[in-house]
Amino acid sequence: QVQLVESGGGLVQPGGSLNLSCEASGFAFNLYLMAWYRQGPGKERELVATISANGRANYVHAVKGRFTISRDNAKNTVYLQMDNLKPEDTAVYFCNLRRNGNDDWGQGTPVSVSS
């Protein structure tokens, strides 16, 4: 079965950086678009970034220029490098696979940006 395991979250000061990882298993990782979502306190889960099977990245406006999504198909891992973090980036970050109309999610990794 599909497993998505996120790691790398933590507490960071504004302007700091974190690099999230999502290790995937149970499916042909190299064939699928992968995504990062986040859910802030009291907010709906929202899309952050996507990366296609061949590495094309897209970002929502709020993170463009600060976040970088990448993937290593040899390691079945997708990354989210987050720079110049802001308090409004505070959220639980989730890795997502959408396949055949179904969503699979990891357990999430929390990110807190505070001074």
| task | Taking the residues in segment 13-36 that are aromatic (F, W, Y) and either open to solvent by 60 Å² or more (accessible area, probe 1.4 Å) or in contact (Cβ under 8 Å) with a residue 60 or more places away in the chain (or both) as candidates, determine which candidate is nearest to V2 (Cα to Cα). | result | F27
| field | Test: residue in segment 74-87 that is hydroxyl-bearing (S, T, Y), under 13 Å from G40 (Cα atoms), in contact with a Leu (Cβ under 7 Å, 6 or more places away or on another chain) and modelled with pLDDT of 95 or more | value | no
| request: Kindly indicate whether R56 is out of contact with any Cys (no Cβ under 6 Å at 6 or more places or on another chain), of a type in the set (K, R) and either surrounded by 14 or more Cβ atoms within 10 Å (Cβ to Cβ) or under 18 Å from G15 (Cα atoms) (or both). | output: no
| said: As an exercise: evaluate P41 against (1) part of a loop (DSSP other than H, G, I, E, B); (2) open to solvent by less than 40 Å² (accessible area, probe 1.4 Å); (3) of a type outside the set (K, R) and give the number of the one condition it does not meet. | reply: (2)
| request: Return the total of residues in segment 70-115 being within 19 Å of N19 (Cβ to Cβ) and either part of a strand (DSSP E or B) or among the hydrophobic types (A, V, I, L, M, F, W, C) (or both). | output: 22
| field | Failed item, numbered, when L4 is tested on (1) aliphatic (A, V, I, L, M); (2) open to solvent by less than 30 Å² (accessible area, probe 1.4 Å); (3) farther than 19 Å from D103 by Cα | value | (3)
| Subset tally (residues that are part of a strand (DSSP E or B) and either over 11 Å from G106 (Cβ atoms) or among the hydrophobic types (A, V, I, L, M, F, W, C) (or both)) for segment 6-24 | 8
| Residue check, V48 among the β-branched types (V, I, T), in contact (Cβ under 8 Å) with a residue 60 or more places away in the chain and surrounded by 13 or more Cβ atoms within 10 Å (Cβ to Cβ) | no
| Considering segment 60-115 alone, what residues qualify as being buried (at least 16 other Cβ atoms within 10 Å of the Cβ), touching a helix residue (DSSP H, G or I) at 6+ places or on another chain (Cβ under 9 Å) and among the charged types (D, E, K, R)? | R71
| query | How many residues, within segment 66-101, are at positive phi and among the polar types (S, T, N, Q)? | reply | 3
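The values are calculated or read from the model by the stated rules, or taken from the named source; none is laboratory data. All figures in this text were calculated on a predicted structure; none of them were measured in a lab. Every residue, glycine among them, receives a Cβ derived from its backbone with ideal geometry; neighbour counts consider all protein chains shown. These area figures cover heavy atoms from the full protein model, side chains too; ligands, DNA and RNA do not enter into them. Shrake-Rupley method; radii C 1.70, N 1.55, O 1.52, S 1.80 Å.
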